[in-house]
Amino acid sequence: MTRARPASEFDAVILAGGSAARMGGADKPGLMVGGTPLLVSVAQAAAAAGAGRLIVVGPSRPGVVTASLTMLAAGRPGWLAWVREEPAGRGPVAGLRRGLAEVSAPWLAVLAADLPFLTGAHLTALLTADDQEPAAGVVLTDAGGRPQWLASCWRTSLLRSALAAYDGDSLRGLLAPLSPALASIGTPGAAMPPWLDCDTPDDLAAARSAWLANAADPGGAP
């Protein structure tokens, strides 16, 4: 069954809170890869895929991040929302709960704020992935076939029901029991895979090196 849905029927929730302990406490969503803050790269992917609304869960970030997102939302009143999880810093489940409260579309994309190589094409492919049975959602897998819970799309009503019945703090504990479809998207072995995140300084350095290598070889696979 091909789940071909108009891209305008989804909202995007970007989880941009957390302490970034493995990044030495730096403001991870504001760190740059290829001259663009990580959070802005993910927001651009959501916009390119046609998100009906963008909900950023996390602290406000004055400067280039806010200016870039404001520009991205220009001409679309109400498209961009900044909200905070309650209590602040509680974790991804609390962030998702807060972001989901702002969602009105029948589907939503749940995205980390540190995916520098996620594009609108990747997100569109995830939203329209094929599976044999109607699923609660679709989750991107990495090169080893592991689900990347913060690069996923879900039926809003089913996720709301699951959250209402869940009192844990594990995102995997919330989402895995919904038995989502798994999707491998991107070129195998590509230096810039869509699932690559930046949790540590080494991850960030690797992402920057991959971006520079791709920039030097424009014919390379993104």
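No lab work stands behind these numbers, since they all come straight from the coordinates. It should be emphasised that the depicted structure is a prediction, and the values quoted were computed from it without experimental measurement. Because the Cβ atoms are built from the backbone with ideal geometry, glycine has one as well, and the counts that use them run over all protein chains shown.
Summarising the strand pairing of the chain, around 45 percent of its internal DSSP beta bridges are antiparallel. What's the long-distance tail for segment 7-216, i.e. % of Cα pairs beyond 21 Å? Of all Cα-Cα distances in segment 7-216, 50 percent exceed 21 Å. Hydrophobic long helices, here whole DSSP H runs in the chain with Kyte-Doolittle means of at least -0.5 and Cα atoms spread over 18 Å or more along the helix axis, are found at 201-216. Only Lys, Arg, Asp and Glu carry charge here, each on its Cβ (+1 for the first two, -1 for the last two); on that basis segment 23-131 has a dipole of about 300 debye about its Cα centre. The length gained by stretching the chain between VAL64 and ASP167 to full extension, at 0.36 nm per residue less their Cα-Cα distance, is 33.5 nm. Whole percent per 5 Å bin, from 0 to the bin with the longest distance: what is P(r) over all C-alpha pairs of segment 24-94? Result, from short to long distances: 3, 14, 26, 25, 19, 9, 2, 0 percent. Take the Cα of ARG208, step 7 Å toward its Cβ, do the same at MET32, and the gap between the two points is 0.9 nm.
For the chain, give the magnitude of the charge dipole about the Cα centre (Cβ charges: +1 Lys/Arg, -1 Asp/Glu; no others), in debye to the nearest 20.
The dipole magnitude comes to about 420 debye.
Note on segment 118-177: along the principal axes its Cα atoms extend 34, 23, 22 Å, ordered by decreasing extent.
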